[in-house]
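The values are calculated or read from the model by the stated rules, or taken from the named source; none is laboratory data. Computed from a predicted model, the values in this text were never measured in an experiment. For neighbour counting, all protein chains shown are included, and Cβ atoms are generated from backbone atoms with ideal geometry for every residue, glycine included.
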Amino acid sequence: MSTGKKIKHAAETAKGKVKEAAGKSVGNESLVAKGKGEQIKGDVEQAGQKMKDALKH
């Protein structure tokens, strides 16, 4: 996986964690859900890139 994509996906996951924590602290369920969604999206994209890399070798 290219370093740029790895950083992008990790940043998306981290951003999701921050949104989820902020949503929990203020009691905003919508923000919690958005944060969890971003975390899942980042994790899925990382897994996809790792799979592509594994198939190349």
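Looking at 48, 42, which is the one that is in a helix (DSSP H, G or I) and out of contact with any helix residue (DSSP H, G or I) (no Cβ under 8 Å at 6 or more places or on another chain)?
From the options 48, 42, the qualifying one is 48.
For region 14-57, give me each residue that is among the polar types (S, T, N, Q), at pLDDT 95 or above and out of contact with any Ser or Thr (no Cβ under 7 Å at 6 or more places or on another chain).
25, 28, 30
Considering only residues of region 23-57 that are among the polar types (S, T, N, Q) and more than 11 Å from the chain's Cα centre (by Cα), which is surrounded by the most Cβ atoms within 10 Å (Cβ to Cβ)?
For region 23-57, the residue satisfying everything is 49.
Collect the residues in region 1-26 that are among the polar types (S, T, N, Q) and in contact with a helix residue (DSSP H, G or I) (Cβ under 9 Å, 6 or more places away or on another chain), keeping them in residue-number order.
Answer for region 1-26, where residues must be among the polar types (S, T, N, Q) and in contact with a helix residue (DSSP H, G or I) (Cβ under 9 Å, 6 or more places away or on another chain): 2, 13.
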